[in-house]
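**Q** My questions all concern the structure below.
The values are calculated or read from the model by the stated rules, or taken from the named source; none is laboratory data. Please read these numbers as outputs of a predicted model, since none were measured by experiment. Because the Cβ atoms are built from the backbone with ideal geometry, glycine has one as well, and the counts that use them run over all protein chains shown.
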Amino acid sequence: MKTYFVEAKYKERVDIPKSVLEKLPEKIMFFMTAQLIDQRDDIIKQLEKSDKKVLLIKPRHTIQKGQLLGCDTERIEGDFDAFFYVGDGLFHPQALIIKNDKLVHIYNHVENKYSKLTKRYATLIRKRLDATKTKFLISKNIGVLVTTKPGQNKLLQFMKIKKKYPDKDFYFLVNNNIEFDRLEDFPFIDCFVNTACERIAYDDYPKFKKPVLNFEDLP
């Protein structure tokens, strides 16, 4: 069976309110959802008209400059003051704050609301991350979460890192979806390493009975 992915487009024009523009710093890294890509140039013109310097990059998981996915939790370097995200919901912009220290300004064009994400969200994640790294280092039995979903399976990358830990026993748990209640069937596991979507370890950690760590964050 073939699967087709079709981008849905937001048809109404997005106008950034003056009150939002006034809150933005001079240099911004701009992001949006795929639904708004057709309006990217128009929004940039609005920003530049308000004397904003706009930077664009293409994160590793996207196909368009300025497009952002929730799994784009990479560190972003550059000469800019803050991030500016246009879109609804917080799932996507939260990806920016996980590994970056700069403020994230958000304009929800659907609800016409402005908000921002501060370092507090990132600080909580990083404190838990440090504790989980310590748990991983002292653990013997490691459960490796592997998905069969195309684009999310990063088992081959993990296998290169696995060689650095010859003293640990790795047990590979493969499924299309991560079923958290089924993980309790492996009580001998001391710690989990996630090789699927990064946000599982960042957002779904309360569902795990044992510590969980993304393989990209291994010490």
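**Q** Pairs please, first residue from segment 162-180 and assigned by TED's automatic domain parsing to the domain that holds Lys210 and assigned to a loop (DSSP other than H, G, I, E, B), second anywhere and surrounded by 12 or more Cβ atoms within 10 Å (Cβ to Cβ) and of a type in the set (Phe, Trp, Tyr), Cβ atoms under 9 Å, 6+ apart in sequence or on different chains.
**A** If the second residue must be surrounded by 12 or more Cβ atoms within 10 Å (Cβ to Cβ) and of a type in the set (Phe, Trp, Tyr), the pairs left are Tyr165/Phe136; Lys168/Phe136.
**Q** Residues in segment 126-138: is at least one over 30 Å from Tyr10 (Cβ atoms), acidic (Asp, Glu) and either outside the structural domain of Pro206 (by TED's automatic domain parsing) or surrounded by fewer than 18 Cβ atoms within 10 Å (Cβ to Cβ) (or both)? First the steps, then the outcome.
**A** In the first step, residues of segment 126-138 are kept if they are over 30 Å from Tyr10 (Cβ atoms); the result is 126-138.
From what's left, acidic (Asp, Glu): 130.
Narrowing further to those that are either outside the structural domain of Pro206 (by TED's automatic domain parsing) or surrounded by fewer than 18 Cβ atoms within 10 Å (Cβ to Cβ) (or both): 130.
The answer is yes, given that some residue of segment 126-138 is over 30 Å from Tyr10 (Cβ atoms), acidic (Asp, Glu) and either outside the structural domain of Pro206 (by TED's automatic domain parsing) or surrounded by fewer than 18 Cβ atoms within 10 Å (Cβ to Cβ) (or both).
**Q** From Leu137, Leu145, Leu96, which residue is more than 17 Å from Met29 (Cβ to Cβ), part of a helix (DSSP H, G or I) and aliphatic (A, V, I, L, M)? First the steps, then the outcome.
**A** Numbers: Leu145 fails: part of a helix (DSSP H, G or I); Leu96 fails: more than 17 Å from Met29 (Cβ to Cβ).
Testing whether each residue is more than 17 Å from Met29 (Cβ to Cβ), part of a helix (DSSP H, G or I) and aliphatic (A, V, I, L, M) leaves just Leu137.
**Q** Just checking, which of Ile178, Ile189, Ile200 is more than 21 Å from the chain's Cα centre (by Cα), crowded, with 18+ Cβ neighbours inside 10 Å and not acidic (Asp, Glu)?
**A** Numbers: Ile178 fails: more than 21 Å from the chain's Cα centre (by Cα); Ile200 fails: more than 21 Å from the chain's Cα centre (by Cα).
Of the residues listed, the single one that is more than 21 Å from the chain's Cα centre (by Cα), crowded, with 18+ Cβ neighbours inside 10 Å and not acidic (Asp, Glu) is Ile189.
**Q** Still on this structure, I have one more. Restricting attention to segment 32-63, which residues are assigned to a loop (DSSP other than H, G, I, E, B), touching a Lys or Arg at 6+ places or on another chain (Cβ under 7 Å) and either of a type in the set (S, T, N, Q) or in contact (Cβ under 8 Å) with a residue 60 or more places away in the chain (or both)? Walk me through it before giving the result.
**A** So in segment 32-63, the residues assigned to a loop (DSSP other than H, G, I, E, B) come out as 33, 50-52, 56-63.
With touching a Lys or Arg at 6+ places or on another chain (Cβ under 7 Å) added as a condition, the list becomes 56-58.
Scanning segment 32-63 gives no hits.
**Q** Another question about this same structure. Of the residues Pro25, Pro17, which is within 20 Å of Gly89 (Cβ to Cβ) and not hydrophobic (A, V, I, L, M, F, W, C)?
**A** Details: Pro25 fails: within 20 Å of Gly89 (Cβ to Cβ).
Of Pro25, Pro17, the one residue that is within 20 Å of Gly89 (Cβ to Cβ) and not hydrophobic (A, V, I, L, M, F, W, C) is Pro17.
**Q** Can you tell me which residue within segment 64-82, out of those that are modelled with pLDDT of 85 or more and among the hydrophobic types (A, V, I, L, M, F, W, C), is surrounded by the most Cβ atoms within 10 Å (Cβ to Cβ)?
**A** Leu68
**Q** Then there is this: From the list Ile200, Ile142, Ile178, which residue is within 23 Å of Lys99 (Cα to Cα), touching a strand residue (DSSP E or B) at 6+ places or on another chain (Cβ under 9 Å) and either modelled with pLDDT of 90 or more or hydrophobic (A, V, I, L, M, F, W, C) (or both)? Before the answer, list the steps.
**A** Values: Ile142 fails: within 23 Å of Lys99 (Cα to Cα); Ile178 fails: within 23 Å of Lys99 (Cα to Cα).
Just one listed residue meets the conditions, Ile200.
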